[in-house]
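The values are calculated or read from the model by the stated rules, or taken from the named source; none is laboratory data. Quantities reported herein were computed from a predicted structural model and do not represent experimental measurements. Here the Cβ is made from the backbone with ideal geometry for all residues, glycine too, and neighbour counts use every protein chain on show.
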Amino acid sequence: MFRTSSLPACTGVGFKPAHFHDILAAPQPVGFFEVHAENYMGAGGPPHAQLGALRERYALSVHGVGLSIGSMRPLDRDHLVRLKTLCDRYAPESFSEHLAWSSHGGVYFNDLLPLPYTQQTLARVAEHIDEAQTALGRQMLLENPSTYIRFSESTIAEVDFLAEISKRTGCGLLLDINNVFVSAKNHGTQPLPYLESFPLDRVKEIHLGGHDEETDDAGAPLLIDSHGSPVSPAVWMLYAHAISRTGAIPTLIEWDNDVPDWPTLRAEAIAAQDILSDASRASAA
Amino acid sequence: MPAPFETSFAEALLDADRPIPFGINAHNAAVSARRFAVYRNNVVAGLVKALKSRFAVVEKIVGEEFFAAMARVFVKEQPPRSPLLATYGDDLPAFIARFEPARGLPYLADVARLEAARTRSYHAADATPLGAEHFAALDAAAVGDIHIDIHPSTEVVRSAYPILTIWAMNSGERELAPIENWRGEDALVSRPYLEVEVRMLPPGGAAFLLALAAGRRLCEAAEAALADDPDFDLTGNLAELIGSGLVRDIVDPEPKKCRPS
């Protein structure tokens, strides 16, 4: 069988090169670092030097943003080879990607775009995940998306779609709780029932991040998954709720835009660790 | 497999004049223009941001507003063909060269070429530069026949404009000042270790390096350099090449075909 995802059940932080020297200056209260795969696909230079140094000291999660798994077109074989080269070189504890597409007709859009949920798209996404897991020789995790629109043709609820994908392919799930909150607000639904019906037994990692609040044409709230601010109080509450159900799960703080200094980011990781440790104690008691 | 949702979605992403894709909706029915605009904006703004970070000096020269407007045109005309955004914008210099509103700054495209070369050098393969002792050990009679394997991070950018001076003044390496000696400059970009270095090449230096990189023997490269500029100084250029860590390897001479000049 494939190598399964095996991050330590504590908090991690999305790595930003600006923090490299601060991170290496002392041991950090962080269980793992996560990097975007596509930033480490050059031949050499400082990115690999930094990733090599991090990898020696910490567990590593490689998080892809460019495989376009949710596309109905064939996967980009060259990109799969690049991912395999990267995973072989750094042997990360986990590899994850998104339930989304980002390329079409040879153009890379650099965004995580939505897909309708139907039997047809489900079959196609499952094929893509089989192909990726076979090529990489490892289990991958699939992340729930944040979305701003829905498709009239969808016939399957997102949680059921993810559960069925995981069942068919053996992939784990990456539960992004900020995405749950953003999508629920954008679609006028409640995040808690979504969490309640999420296949939590398949969740191998959790993501937490910040969002922006705007309004749509009708004045309804429109939340943007911007990863440019602290985790919101509502998302912290949903996280505590999820963790109370699952027990300790590797949890990542994502902060990709307007990146703060390292102590600020570290404080977010410590806040998540407090919730995680409470949950571990509660489940041990 | 047909994918109508993808095709109409993709077509409308980069072209704001197209209608929003068929079959998308939102719970409050007041759809969807504003909501679809989130995707349009994410795509265009994200790609413009990638170009901004790669071409920071070009942006400094033309200003944020001009750069963003120019980058938006480029993004729509030549969106990325690969998820490796570090190399997105290799074609921006050629685009700038024919971008009508930038016509008043004829050096801008070459400054962009210099910035693009810096990113390629940053991400190029690593290699340990060869020490000077390897040259001392060479047979003087055969030295003209050697091939010099240039470090993979090496880039040469030739320009009819003082691009190094302009680049240095706008990247904070030198103070902004009027450029008294307005003439062409050839730039050498390299990363022998972890830092990208940018320096000015001496007369004939660019032709010399380009010939070596093309696999010409040392004597042939020297001839090319002298043809390019009679002030070319072989000893000085070789010493600089070795001293700045640009030599990855020396390939031993094969049967001699020309004498060292």
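Please determine, by comparing only the residues of the stretch A:18-68 that are touching a residue at least 60 places away in the same chain (Cβ under 8 Å) and of a type in the set (D, E, K, R), which one is surrounded by the most Cβ atoms within 10 Å (Cβ to Cβ).
The selected residue is A:34.
For residues that are of a type in the set (Val, Ile, Thr) and either under 16 Å from residue B:166 (Cβ atoms) or away from chain A (no Cβ under 14 Å) (or both), scanning just the stretch B:39-63, find the one that is surrounded by the most Cβ atoms within 10 Å (Cβ to Cβ).
Taking the candidates together, the pick is B:58.
How many residues are within 14 Å of another protein chain (Cβ to nearest Cβ) and outside any strand (DSSP E or B) when one looks only at the stretch A:195-218?
Summing the residues that are within 14 Å of another protein chain (Cβ to nearest Cβ) and outside any strand (DSSP E or B) in the stretch A:195-218 gives 4.
All but one of (1) over 24 Å from residue A:2 (Cβ atoms); (2) of a type in the set (D, E, K, R); (3) surrounded by 22 or more Cβ atoms within 10 Å (Cβ to Cβ) hold for residue A:153; which doesn't?
(3)
Can residue B:108 be described as aliphatic (A, V, I, L, M), within 18 Å of residue A:107 (Cα to Cα), buried (at least 19 other Cβ atoms within 10 Å of the Cβ) and under 19 Å from the mean Cα position of the chain (by Cα)?
Spelling it out, it is not the case that residue B:108 is aliphatic (A, V, I, L, M), within 18 Å of residue A:107 (Cα to Cα), buried (at least 19 other Cβ atoms within 10 Å of the Cβ) and under 19 Å from the mean Cα position of the chain (by Cα).
Find the helices (runs of 4 or more DSSP H) located wholly in the stretch B:78-144 whose residues include 2 or more that are within 14 Å of another protein chain (Cβ to nearest Cβ) and within 20 Å of residue B:246 (Cα to Cα), and list them.
B:108-123
How many residues does the stretch A:69-122 hold that are free of Cβ contacts under 8 Å to residues at least 24 places away in the same chain, acidic (Asp, Glu) and over 23 Å from residue A:204 (Cβ atoms)?
Going through the stretch A:69-122 one residue at a time, the tally reaches 2.
Taking residue B:176 and the conditions (1) in a helix (DSSP H, G or I); (2) surrounded by fewer than 17 Cβ atoms within 10 Å (Cβ to Cβ), which numbered condition does it fall short on, given that it satisfies the others?
(1)
Checking the structure you have, find out if any residue of the stretch B:175-186 is over 15 Å from residue B:209 (Cβ atoms), charged (D, E, K, R) and either outside the structural domain of residue B:246 (by TED's automatic domain parsing) or in contact with a strand residue (DSSP E or B) (Cβ under 9 Å, 6 or more places away or on another chain) (or both).
Taking every residue of the stretch B:175-186 in turn, none turns out to be over 15 Å from residue B:209 (Cβ atoms), charged (D, E, K, R) and either outside the structural domain of residue B:246 (by TED's automatic domain parsing) or in contact with a strand residue (DSSP E or B) (Cβ under 9 Å, 6 or more places away or on another chain) (or both).
Residue by residue, here is whether (1) crowded, with 18+ Cβ neighbours inside 10 Å; (2) modelled with pLDDT of 95 or more; (3) closer than 16 Å to residue A:13 by Cα holds:
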{"position": "A:206", "(1), (2), (3)": "yes, yes, yes"}
{"position": "A:215", "(1), (2), (3)": "no, no, no"}
{"position": "A:218", "(1), (2), (3)": "no, no, no"}
{"position": "A:222", "(1), (2), (3)": "yes, no, no"}
{"position": "A:230", "(1), (2), (3)": "yes, yes, yes"}
{"position": "A:233", "(1), (2), (3)": "no, yes, no"}
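Go through the residues of the stretch A:5-17 one by one and say whether even a single one is in contact (Cβ under 8 Å) with a residue 12 or more places away in the chain and within 14 Å of chain B (Cβ to nearest Cβ).
Yes, the stretch A:5-17 contains a residue that is in contact (Cβ under 8 Å) with a residue 12 or more places away in the chain and within 14 Å of chain B (Cβ to nearest Cβ).
Is one or more of the residues making up the stretch B:56-65 assigned by TED's automatic domain parsing to the domain that holds residue B:12 and within 20 Å of residue B:40 (Cβ to Cβ)?
Scanning the stretch B:56-65, I find at least one residue that is assigned by TED's automatic domain parsing to the domain that holds residue B:12 and within 20 Å of residue B:40 (Cβ to Cβ), so the answer is yes.
Restricting the first residue to the stretch B:218-239 and requiring it to be of a type in the set (Phe, Trp, Tyr), which pairs with a second residue that is in a helix (DSSP H, G or I) meet a Cβ separation below 7 Å and a spacing of at least six or different chains?
Matching pairs, first to second residue: B:232/B:208; B:232/B:225; B:232/B:226.
Would you mention how many residues in the stretch A:148-161 are modelled with pLDDT of 95 or more and either touching a strand residue (DSSP E or B) at 6+ places or on another chain (Cβ under 6 Å) or assigned to a loop (DSSP other than H, G, I, E, B) (or both)?
4
Can you find, within the stretch B:184-212, the residue that is nearest to residue B:110 (Cα to Cα) among those that are assigned to a loop (DSSP other than H, G, I, E, B) and within 14 Å of another protein chain (Cβ to nearest Cβ)?
Only one residue tops the list, namely B:196.
Do any strands (runs of 3 or more DSSP E) entirely within the stretch A:93-145 hold 3 or more residues that are within 16 Å of the chain's Cα centre (by Cα) and at the interface with chain B (Cβ under 10 Å from one of its Cβ atoms), and if so, which?
A:107-113
Among the residues in the stretch B:62-69, are any part of a loop (DSSP other than H, G, I, E, B) and among the aromatic types (Phe, Trp, Tyr)?
No: zero hits.
Tally time: how many residues in the stretch B:16-38 are closer than 17 Å to residue A:102 by Cα and surrounded by 18 or more Cβ atoms within 10 Å (Cβ to Cβ)?
Let us first name the residues in the stretch B:16-38 that are closer than 17 Å to residue A:102 by Cα, namely B:21, B:36-38.
Pick out the ones that are also surrounded by 18 or more Cβ atoms within 10 Å (Cβ to Cβ) and you get B:21, B:36, B:38.
The number of residues fulfilling the criteria is 3.
Can you tell which of B:34, B:18 is under 22 Å from residue A:214 (Cα atoms) and either over 31 Å from the mean Cα position of the chain (by Cα) or part of a loop (DSSP other than H, G, I, E, B) (or both)?
B:34
Find the residue count for the stretch A:167-193, including only residues that are more than 20 Å from residue A:112 (Cα to Cα) and either more than 14 Å from chain B (Cβ to nearest Cβ) or crowded, with 20+ Cβ neighbours inside 10 Å (or both).
Looking only at that region, the number is 7.
Looking only at the stretch A:34-78, which residues are closer than 19 Å to residue B:120 by Cα and either away from every other protein chain (no Cβ under 13 Å) or part of a helix (DSSP H, G or I) (or both)?
Scanning the stretch A:34-78 gives A:37, A:38, A:39, A:40, A:46, A:47, A:48, A:49, A:50, A:51.
Would you be able to tell me the number of residues in the stretch A:228-245 that are touching a residue at least 60 places away in the same chain (Cβ under 8 Å) and either part of a strand (DSSP E or B) or of a type outside the set (Phe, Trp, Tyr) (or both)? Before the answer, list the steps.
Within the stretch A:228-245, the subset touching a residue at least 60 places away in the same chain (Cβ under 8 Å) is A:238-239, A:242.
This time we only want the ones that are either part of a strand (DSSP E or B) or of a type outside the set (Phe, Trp, Tyr) (or both), so: A:238, A:242.
Qualifying residue count for the region: 2.
Among the candidates B:74, B:22, B:66, B:36, single out the residue that is of a type in the set (A, V, I, L, M, F, W, C), facing chain A (nearest Cβ under 8 Å) and free of Cβ contacts under 8 Å to residues at least 40 places away in the same chain.
Residue meeting the stated conditions: B:36.
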